[in-house]
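Taking it in order: structure first as structure tokens, then the write-up.
The values are calculated or read from the model by the stated rules, or taken from the named source; none is laboratory data. This one's a predicted model, so the numbers in the text were calculated from it and none came from an experiment. Positions of Cβ are generated from backbone atoms using ideal geometry, with glycine treated the same way; all protein chains shown enter the neighbour counts. Just the protein is used for accessible areas: all its heavy atoms, side chains included, with ligands, DNA and RNA removed. Shrake-Rupley method; radii C 1.70, N 1.55, O 1.52, S 1.80 Å.
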Amino acid sequence: MTSSNTIDRREFIKVASAAGTGLVLAFYLPATADAAVDTSGGTFEPNVWLRIGTDNRVTITLSRSEMGQGIMTSMAMIVADELDADWKNVSVEQAIAHPKKYGSMSTGGSWSIRGHWDIWRKAGATARMMLLSAAAAQWKVEPSTCKTEPNVVLHSTGKKLSYGELASAAAALPVPTDVVLKDPSAFRYIGKRMKRLDTPAKVKGTAIFGIDIRRPGMLFASVEQSAVFGGKAVSHDATQALAIPGVVRVLPTAKGIAVVATSTWAAFQGREALKITWDEGQWATQSSESIWATFAELSKEPGTSGDKAGDALAALPAAAKTVEAIYRAPLLAHATMEPMNCTADVRTDGTCELWVPSQSPQAAQTEAARVLGVDVERVKVNTTLLGGGFGRRLAADYVTDAVQLSKELGKPVQVVWTREDDMQHDLYRPMTYNVFRGGLDAAGELIAWHHRIVGPNSRGLVTGGSKPPYAIPNYLVDYHLKEVGVPIGAWRAVGPTQNGWVVESFVDEMAHAAKKDPYEFRRALLANSPRLKRALEFAADKAKWGSKLPKGVGRGIAAVESFGSSVAEVAEVSVEDGKLRIHRIVVAVDCGPVVNPDTIEAQVESALVMTLTGMIKDEITIERGRVKQSNFDDHRLLTFEEMPKVEVYTIPSTEPVGGIGEPALPPAAPAICNAIFAASGIRIRTLPLGPDTLRKR
Amino acid sequence: MASITFVLNGKRTTVDVDSDTPLLWVLRDTLGLTATKYGCGEGICGSCTVLMDGEATRSCVTPVQLAEEKTIVTLEGLGAERLHALQEAWIEEEVPQCGYCQPGQIMTAAALLQANPKPSDKEIDEMMSSVLCRCGTYPRIKRAIKRAAQGGGQ
Ligand code: FES
Ligand code: FES
């Protein structure tokens with residue numbers, strides 16, 4: 001929790017309100033190194049706005065996307081705490097996308113809090129100090145004799161003025177160049193279970209998601225894309241589609257053949273009636289099996305070296321005992337409940353406005369500008385609420401057609417993907433083929449580790465999180481990347497989700513091979529990773545690791561550090577009649593300072609549901625170059641009654657602030673798989689579990 | 001095209017649409033009531049659930065002609081006067097994450113409590129397992145339903 005309390009030279013704060021209208025502070029505080037903005041030309045591009053109205057309302061601009069992770073509330077809590085704002089007076093406004101001023105506006109990598117903790121605190125503290133100074137000036141007293149309570153400045157004599165009354169006077173003051181941040185013991189909101197600001201609208205039905213945008217005169221469109229990845233429409237017959245009442249136009253787009261209509265339903269109906277001839281392209285014979293065969297073949301050859309230490313290849317043959325195993329991580333879909341959609345309004349003056357549920361409004365802006373051949377400044381992007389993101393909405397592939405269609409039709413157009421489109425044209429979590437070899441010395445110490453990964457052509461997505469956190473004298477991660485014609489993308493927790501599973505499962509195999517307790521085995525190897533070690537110990541303690549379990553119940557443990565946080569999980573499961581029963585999952589989280597404990601618990605519960613869906617439900621498989629699954633009947637999600645009991649513990653921590661949207665996923669699958677092994681002796685090396693995987697062979 | 005009349009959130013409403021059009025799209029596109037959500041279009045996920053004469057009904061697979069002379073309640077109408085006990089419980093328990101499935105969850109729970117004001121855990125499980133949530137709000141939904149039921153339902 002290192003917070004410098006001075007405003008450095010790269011930072012700018014200005015008063016941006018007109019006289020008498022309250023206090024509007026515009027900040028430019030560099031979020032990250034990559035957010036360096038050139039201010040030398042005298043332009044000032046604020047990336048945090050904070051408005052204190054004469055009506056005593058506090059309005060904060062949010063430059064991140066709200067997709068269920070609670071950032072709208074957490075951000076407001078951080079600013080409001082330092083400002084000493086009254087929570088009931090606080091509201092949040094979504095920022096309009098800008099190519100530069102907010103730095104990257106992408107909401108991903110569990111970055112929102114850890115990337116803005118200091119900035120948001122300084123923004124609040126600066127405004128508070130100005131309000132306090134305005135009161136002191138009015139009372140002609142020393143600022144040190146004044147203090148703040150929610151939305152008021154108080155003097156030691158009992159005089160008080162509200163922030164609303166002070167806002168305009170504060171706006172006339174110079175902006176302080178250094179501010180004192182609160183001591184954590186003085187936090188009013190940070191660390192408390194604050195009510196989420198977005199909940200009431202979501203419960204009353206007034207929340208507006210991208211798919212809910214309605215514009216005057218708008219049309220709706222649905223686009224038939226090639227089922228086979230990389231295929232193209234050669235010709236189409238629109239006669240029957242055009243005969244459907246409500247269908248306005250049928251035309252080719254970048255993605256396929258679009259049916260534009262006066263309602264979503266008419267557009268969907270029109271699509272059913274389309275006749276299209278496809279050129280299926282080079283991937284038409286591809287299948288999951290052929291991809292696995294390609295990967296298996298490649299895995300026999302040495303790959304490109306990644307992380308390494310010592311000489312694993314020399315140490316392995318010299319080991320007293322070696323273990324080999326192959327793990328296959330499946331393709332997974334994001335399957336956000338709100339299917340991909342975008343509403344575009346391209347106007348005759350060449351400007352364009354988008355309403356889009358996006359994790360990267362700048363990507364949407366760039367894509368629209370590219371389609372139209374205009375500067376990004378001509379594209380205004382409104383970020384709506386997102387009905388789930390999980391990484392899918394970092395891309396802008398669902399923006400392209402909406403922009404083109406609006407331009408051609410001269411009206412606002414909403415493109416809505418059907419559930420089938422969404423399932424079959426996702427950017428999937430990559431499938432990976434993992435070959436492990438581990439070596440123990442005569443004392444059962446882990447002395448060699450070789451992990452060879454074969455996956456689709458994206459290094460970050462495939463190898464991220466594969467470096468073992470353990471002190472192994474000789475280790476090597478090498479990899480092959482191979483284009484297989486399946487689009488892949490960031491899936492919640494990205495590389496660490498599949499690599500966390502395989503690494504933590506194989507470490508477990510090594511512990512059992514060494515005839516050591518899997519918890520103690522890990523613990524001994526974590527001397528150089530004290531934060532992760534503490535999380536491991538915390539989880540083991542809460543789960544009473546080593547205590548007696550009922551017959552047939554097994555315990556498994558796993559710990560992974562990702563996105564700035566350390567998380568360890570212990571699962572207790574039994575296998576009865578070939579069926580997995582999860583009795584309990586204990587999760588210990590070290591994410592540094594806790595902003596909203598309720599949100600942390602919600603994110604962990606969510607991580608468990610997402611992991612279990614990927615473990616016990618359906619993967620994505622490829623047949624004849626296309627995705628076999630199409631809807632929630634053949635790609636099932638975990639259901640209400642399948643939800644296990646999850647206990648979440650946050651570890652009191654003085655570590656730097658970490659993420660929470662993703663880090664609980666990576667240890668979940670291995671903790672459960674390791675528990676399955678403890679309960680049944682069956683080692684899970686392929687996910688998802690098939691119907692017979694857990695039957696004793 | 002056909003003229004179809006029903007009582008929607010307490011108001012007599014007439015629409016002129018193709019009688020096969022799913023009620024979901026009549027609500028969303030014709031009437032502009034967007035709380036009811038499209039999730040799968042096949043009756044699988046429950047996001048589109050509304051109350052039709054008090055029954056939880058999947059509007060994506062319900063042709064609007066079946067709504068003729070029926071009483072329809074959507075989430076917009078459930079707490080129009082005063083928040084429904086479930087909506088209050090939902091806020092208390094901080095149920096929603098992304099929120100997209102929540103209209104279907106709340107309407108399904110409303111049908112459950114209407115028929116059975118004190119459901120057992122098993123009855124809650126059975127009814128609610130038909131509504132999917134990708135964000136994993138299930139434990140909170142369960143707590144919220146119990147909280148609302150303890151308060152006497154409505
Ligand atoms: S949209 Fe109706 S059940 Fe899924
Ligand atoms: S809250 Fe996001 S799908 Fe349920």
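For the reader, a short list of remarks on this structure follows.
- Accessible area in square angstrom per residue, segment B:85-150, 1.4 angstrom probe: 30 Å²
- Taking all protein chains as they are arranged and a probe of 1.4 Å, the heavy atoms of A:ASP692 leave approximately 100 Å² accessible to solvent.
- Inter-chain neighbour count for A:382-395: the average number of beta-carbon atoms from partner chains within 10 Å of each residue's beta-carbon is 2.
- Within the assembled protein chains, the solvent-accessible surface assigned to A:GLU82 is about 0 Å², based on a 1.4 Å probe.
- Rounded to the nearest Hz, the phi-derived 3J(HN,Hα) couplings of segment A:597-612 under the Karplus curve 6.51 cos²θ - 1.76 cosθ + 1.60 (θ = phi - 60°) are x, 5, 5, 4, 4, 4, 5, 6, 4, 4, 4, 5, 5, 5, 5, 5, where x marks glycine and proline.
- The mean count of C-beta atoms from other chains within 10 Å of the C-beta of residues in A:333-340, rounded to a whole number, is 5.
- Heavy-atom accessible area order for A:LYS542, A:LYS192, largest first, 1.4 Å probe: A:LYS192, A:LYS542
- Unsatisfied cross-links (Cα-Cα over 21 Å) in the set A:LYS202/B:LYS37; A:LYS14/A:LYS160; A:LYS202/B:LYS70; A:LYS542/B:LYS146; A:LYS579/A:LYS617; A:LYS195/B:LYS142: A:LYS14/A:LYS160; A:LYS202/B:LYS70; A:LYS542/B:LYS146
- Relative contact order for segment B:85-150, counting Cα pairs under 8 Å that sit 6 or more residues apart, in percent: 53 percent
- With 10 Å bins beginning at zero, the pair-distance distribution over Cα atoms of segment B:81-131 amounts to 23, 59, 18, 0 %.
- Reducing segment A:233-290 and segment A:129-184 to their Cα centroids gives an inter-centroid distance of 63 Å.
- Cross-link partners of A:LYS232 among lysines (Cα-Cα below 26 Å; sequence separation of 8 or more within a chain): A:LYS255, A:LYS275, A:LYS407, A:LYS482, A:LYS628
- Averaging 1/r over each pair of different alpha-carbon atoms in segment A:6-203 and inverting the result gives 17.1 Å, the Kirkwood hydrodynamic radius.
- Convex hull of Cα atoms in the protein assembly as shown, direction-averaged projection (nm²): 38.2 nm²
- Surface share of carbon and sulfur [accessible, 1.4 angstrom probe, percent] for the protein assembly as shown: 50 percent
- For peptides A:507-514, A:169-176, sequence by mean Cβ density within 10 Å, most packed first: A:507-514, A:169-176
- The A and B chains share an interface that buries close to 4300 Å² of accessible area, total over both sides, probe 1.4 Å.
- In chain B, the convex hull through the Cα atoms has an average projected area of 8.2 nm², a quarter of its surface area.
- Amide H partners (placed H, <5 Å) of A:LYS321, local residues excluded: A:LEU440
- A P(r) calculated from all alpha carbon pairs of segment B:2-78, with 5 Å bins opening at zero, reads 4, 18, 32, 30, 14, 2 percent.
- Accessible-area order (highest first, 1.4 angstrom probe) of the listed residues A:SER606, B:SER3: B:SER3, A:SER606
- Taking 16 Å as the straight-line reach from the Cα of A:LYS321, the lysines in range (excluding those fewer than 8 positions away in the same chain) are A:LYS515, A:LYS516.
- Each residue of segment A:295-305 was assigned a 3J(HN,Hα) from its phi angle through the Karplus curve 6.51 cos²θ - 1.76 cosθ + 1.60 (θ = phi - 60°); the sequence is 5, 4, 4, 4, 5, 6, 9, x, x, 6, 6 Hz, with glycine and proline shown as x.
- Amide H partners (placed H, <5 Å) of A:ALA16, local residues excluded: A:VAL24, A:LEU25, A:ALA26
- The mean sequence separation of alpha-carbon pairs under 8 Å and at least six residues apart, normalised by the residue count of segment B:43-115, gives a relative contact order of 43 percent.
- In summary, the aspartates and glutamates within cross-link reach of A:LYS192, defined as a Cα separation below 18 angstrom excluding same-chain residues under 8 places away, comprise A:ASP81, A:GLU82, A:ASP84, A:ASP86, A:GLU149, A:ASP183, A:ASP590, A:ASP598, A:GLU601, B:GLU92, B:GLU93, B:GLU94.
- Restricting segment B:50-154 to GluC sites (Glu not before Pro) that sit in a DSSP loop and have at most 15 other Cβ atoms within 10 Å of their own Cβ leaves B:GLU68, B:GLU69, B:GLU81.
- For A:THR650, the amide hydrogen comes within under 5 Å of the amide hydrogens of A:VAL589, counting only partners 5 or more places away or on other chains and with H modelled in the peptide plane.
- Length-normalised contact order for segment A:323-420 - Cα pairs under 8 Å, 6+ apart - percent: 38 percent
- Of A:VAL553, A:VAL79, the residue with the largest accessible area leads and the full order is A:VAL553, A:VAL79 (1.4 Å probe).
- Average other protein chain Cβ within 10 Å of Cβ, residues B:85-94: 4
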